[in-house]
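Data first, discussion second: the structure below is written as structure tokens.
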Amino acid sequence: QAKDSHTFRKEMRKVQHEHAAYVAKLDAALDAARTGIAGLARDLHYDKQARKRIYADMSTLAQDVGKQVVAPALESAKKQLKVIAQSCVKEEMGRLQMIIDSRWQLIMAELRGRRGSAPSMAPMASEKEESTLGVEHTSTIRRSLTDWLPENADGDIDATKQMLMQFGVFDQPAGAGSSPDDLVNRPTTRFLHRVVVAIKHATGYPRGILEDWPRPEEAKIDFVQKVWDSVTATLGLQDLEFQAQDVLKCTNRKQTRRLLQLLAIAASKERGRQKHSSSHAPLDLTELPLSPLPDDPSPNARAIGGLMRFDDAATSICWH
């Protein structure tokens, strides 16, 4: 019994010794864990601080780049856009001013012309168109020259005829079978010359162009080109394609009608600029004389009332 008690105490001491060893190991492990966690936290803190410094450096670098590179480029682009915008606004204002001035000149010219001829223009024009020219009377209201701007000139046949009627171009007969519709539908150089002479008698425009019929082909081309140059200078037109040869050879009739329209618009604008005294009566655009034409190159032509009359219709053959 005493032996058993001794053995039991021995075993208990052994267990206590082992337990103490395990506890010591656990304490050492806990200390190591605490040390590792503390080192990890310290590393994380240092890493966080390093990242903050990197972010701060990147922000400073970005600001420096923006001030030295981006800001000047943006400022330059801003100035360029401002200059372009100002140029566009100035150009648009100039264009609008030109349109307003042109419209005003046309209105003033039309008012001066209507002061003396408005009461009797409609019936006289109607009678002449029906009895002398054989033009069919319709209920269509004539469009005033004040409603036309250079950009509206499109070579339309009816519009061209209406515009020329306001200058009395068709008041004198051109020849048997040559109605205003035929003349405008197939305009020749001879008809252009007739229109220029009639408008010049009415308004004094275009200046510097002789009324004599140009005989040589070079003289005809020079005449057509001078009419075009005068019109473009009066209306301020630029970069418009035009070939005088097309008018002479009748290969682009729409272009010729467009030239006639622009000539009428330019004449009205130029007439509005002229100074009239209070005693000077306005010109009656329905009674405009035509200049006598020189000897006609066609053998079928004959003189009637100081004007040249052509037995062959102007639309049957394109002669110059």
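When you check Lys226 against the structure, is it outside any loop (DSSP other than H, G, I, E, B) and open to solvent by 30 Å² or more (accessible area, probe 1.4 Å), yes or no? The answer is yes for Lys226.
Of all residues in the range 229-243, those satisfying the criterion of being open to solvent by less than 60 Å² (accessible area, probe 1.4 Å) and at negative phi are Ser230, Val231, Thr232, Thr234, Leu235, Leu237, Phe242. Number of residues in the range 80-117 that are at pLDDT below 70 and either surrounded by fewer than 13 Cβ atoms within 10 Å (Cβ to Cβ) or of a type in the set (D, E, K, R) (or both) equals 4. Would you confirm whether any residue within the range 195-209 is open to solvent by 10 Å² or more (accessible area, probe 1.4 Å), under 21 Å from Asp156 (Cα atoms) and in contact (Cβ under 8 Å) with a residue 12 or more places away in the chain? No, the range 195-209 contains no residue that is open to solvent by 10 Å² or more (accessible area, probe 1.4 Å), under 21 Å from Asp156 (Cα atoms) and in contact (Cβ under 8 Å) with a residue 12 or more places away in the chain. Filtered by the rule that a residue be closer than 14 Å to Arg194 by Cα and modelled with pLDDT under 80, the range 244-294 gives Leu288, Pro289, Leu290, Ser291, Pro292, Leu293, Pro294. Selection over the range 154-186 of residues that are closer than 26 Å to Gly272 by Cβ, in a loop (DSSP other than H, G, I, E, B) and either open to solvent by less than 10 Å² (accessible area, probe 1.4 Å) or free of Cβ contacts under 8 Å to residues at least 60 places away in the same chain (or both) gives a count of 5.
For Ala85, the requirement of being of a type in the set (A, V, I, L, M, F, W, C), over 39 Å from the mean Cα position of the chain (by Cα) and assigned to a helix (DSSP H, G or I) is not met.
The values are calculated or read from the model by the stated rules, or taken from the named source; none is laboratory data. All values reported here derive from a predicted model rather than from experimental measurement. FYI the Cβ positions are ideal-geometry reconstructions off the backbone, even for glycines, and counts take in every protein chain you see. Each accessible area value is taken on the protein alone, full model and side chains, heavy atoms only, with ligands, DNA and RNA left out. Shrake-Rupley method; radii C 1.70, N 1.55, O 1.52, S 1.80 Å.
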